[in-house]
Amino acid sequence: MNIEKLFAEAPEFETERLRLRRLTLEDTQDYFAFASDPRVSAQSLWNCHETVDESVQYIQRALDNYEKKLVYLWGFVLKDNGRLIGRGGIFHFNEFMQSADLGYAIASAHWNKGIAAEAMQPIVNYCFQELDCNRLEGRCNAGNIGSARVMEKLGMSYEGLLRKQLKIKGVFTDQKLYSRIRDDL
C-alpha cells in the first residue's frame, strides 16, 4: 500500500454532481452548516458542532492529519453551486496489511439521493487502483440503514456484527462491519 503517493498527489475527483478535494479553512461555514445538524452526528462518535469555532478546530485537525499522513479527507462539493455538503476519506492505514478504513458524513438535506456512494466510489477506486490496497473496511451503527446501503452500493460485503463495539454518546452500540477486497473487483 502506497500511502506516500496519496499524500504527495493530493488527488481530486469529479463525479456527475460533485468535486472532491482536500478540506480547507475556507470550508468552515459550509462545514458548520452540516456539522451543526444533530441528525448528522446522531450515530457517530463526534458531537454536533455548536459553534463555528468547533468546525474550525475540526478542519484544522484534518489539515494537521494531512501533514502527519494519518487521515485523508476529501470535501464533497456540489458542482452546481460550489457548496461543501459533506466529507469522507480513509484512515487507520496499515501498510503491511495493505488495508484502510472508510468513513463519511453528509448533510441531511442530501441523504437518500445516492450522493454519499457517488462521492465515495472514486475514493474506493483510487485505493485499489493507485494505492495498492488489498482490503477496505467500513462500519456503521446496526440501525443506520442509510450508511449500510452506501457501503453495499460501494460493493462492500457485510461481514458481521461487532457487538457493543463503540460507546456513542454514552451508549454502547453494535456496529455492522463491511469490507471490500481487491479480489471483489
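The values are calculated or read from the model by the stated rules, or taken from the named source; none is laboratory data. Remember, predicted model here, so these are calculated numbers, not experimental data. Cβ sites come from the backbone with ideal geometry, for glycine too, and all protein chains shown count toward neighbours. Accessible surface is based on the protein model in full, side chains and every heavy atom, while ligands, DNA and RNA are left aside. Shrake-Rupley method; radii C 1.70, N 1.55, O 1.52, S 1.80 Å.
First compute the accessible area of region 6-55 with a 1.4 Å probe, then give the percent of it belonging to carbon and sulfur atoms. After summing per-atom areas, the C and S share lands at 47 percent. In this structure the amide hydrogen of F76, modeled in the peptide plane, comes within under 5 Å of the amide hydrogens of I85, G86, R87, G88, none closer than 5 places in sequence on its chain. Beta bridges per DSSP, both residues in the chain: antiparallel share near 90 percent.
Electrostatic bookkeeping for N2 treats Lys and Arg as +1 and Asp and Glu as -1; over the other residues with beta carbon under 12 Å from its beta carbon, the sum is -3.
Taking Cβ separations below 4.7 Å as the criterion for a possible disulfide partner, the isolated cysteines in the chain are C48, C140. Here the Gaussian network model covers the chain, with springs between Cα atoms less than 10 Å apart; of Q165, Q29, Q43, Q165 fluctuates the most. Springs join every pair of Cα atoms under 10 Å in this Gaussian network model of the chain, and among V40, V71, V171 the largest mean-square fluctuation is at V171. 3J(HN,Hα) couplings calculated from phi for region 90-101 with the Karplus curve 6.51 cos²θ - 1.76 cosθ + 1.60 (θ = phi - 60°) are, in sequence order, 10, 7, 6, 5, 10, 5, 5, 8, 6, 9, 7, 9 Hz; Gly and Pro show x. The slack in the chain from N125 to K169, taken as 0.36 nm per residue of separation less the alpha-carbon distance, amounts to 12.5 nm.
Summarising the label geometry, the points placed 7 Å from Cα in the beta-carbon direction at R182 and A142 lie 3.5 nm from one another. Annotation: amide H of D174 within the under-5 Å range of A142, K164, Q165, sequence separation 5 or more or interchain, hydrogens built in the peptide plane. A 1.4 Å probe over all protein chains sorts D132, D37 by accessible area into D132, D37, starting with the largest.
Prolate is the label for region 28-117, because the ratio a/c of its alpha-carbon gyration tensor axes (a ≥ b ≥ c) is 1.5 or higher and a/b is greater than b/c.
Accessible area per residue of the chain at 1.4 Å probe, in Å²?
So the chain comes to 51 Å² accessible per residue, rounded to a whole number.
Relative contact order of the chain, taken over Cα pairs closer than 8 Å and 6 or more residues apart, is 19 percent. Pull out a ≥ b ≥ c, the square roots of the eigenvalues of the alpha-carbon gyration tensor of the chain, then state rounded if a/c is under 1.5, prolate if not and a/b is larger than b/c, and oblate in the remaining case. Rounded.
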